[in-house]
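Each reported figure results from applying straightforward, stated rules to the coordinates on display, with no laboratory input. Fair warning: this is a prediction, and the values are worked out from it, not measured in the lab. Cβ atoms come from the backbone with ideal geometry, glycine included; neighbour counts cover every protein chain shown.
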Amino acid sequence: MKPEIPDKPYFKIGEVAELAGVEPYVLRYWETEFRTIRPEKTRSNQRMYRRRDVEAVLSIKHLLYDEGYRIDGAKRRLRELAGEESPAQLKEVAASLRAQLDELEKIIDEDERA
């Protein structure tokens, strides 16, 4: 069960770490691995997470700790959940488009010969 996120616009790294039940260094590492976590930084270089960052952190924690995904698998699953195509799916789409293009070229060639 995900914890209740307080209703406020920004969160410090310690607050997010406490909400997620992880150490701050884990959050800093996840920032390097997951592009969905992008806290703003203050002039004093302090991270300020927005609500969507906190939601992403909680989703990532769930995938890694509860579902047993590794980092790469969690990235793929997040893309799937966001509706993005995986590289394998994109290759399938490209192959299908190439086949359709070949068919169209055959039709055009046949029309030109007739």
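Is the shape of region 12-66 best called rounded, prolate or oblate, per the rule: a/c under 1.5 gives rounded, else a/b larger than b/c gives prolate, else oblate, with a ≥ b ≥ c the square roots of the Cα gyration tensor eigenvalues? Cα axes put region 12-66 in the prolate bin. Just checking the listed ones, 53, 102, 66: in the Gaussian network model of the chain with Cα springs under 10 Å, the one fluctuating most is 102. With each label modelled as a point 7 angstrom along the Cα→C-beta vector, the residue 44-residue 25 pair spans 2.3 nm. Listed by Cβ neighbour count within 10 Å, with the fewest neighbours leading, 32, 42 appear as 32, 42. Lys/Arg Cβ at +1, Asp/Glu Cβ at -1, dipole of the chain taken about the Cα centre: which of 19, 57, 95 is farthest positive-ward? Highest projection toward the positive end goes to 19. Applying 0.36 nm per residue to the separation of residue 80 and residue 100 and subtracting their alpha-carbon distance, the gain on full extension is 4.6 nm.
Each Lys and Arg Cβ is given +1 and each Asp and Glu Cβ -1; about its Cα centre, the chain then shows a dipole of about 1000 debye.
Of the options (1) 21, 18, 13; (2) 45, 16, 11; (3) 18, 16, 13, only one is semi-axes √(5λ) of the Cα gyration tensor in Å as computed from these coordinates, and that is (2). Taking a point 7 Å out from the Cα of residue 66 in the direction of its Cβ, the residues of region 1-36 whose backbone N falls within less than 16 Å of it are 1-5, 19-22. Secondary-structure-derived ellipticity at 222 nm for the chain, considering helices only, amounts to -19000 deg cm²/dmol, per-run term -39500 (n - 2.57) for DSSP H runs with n ≥ 4.
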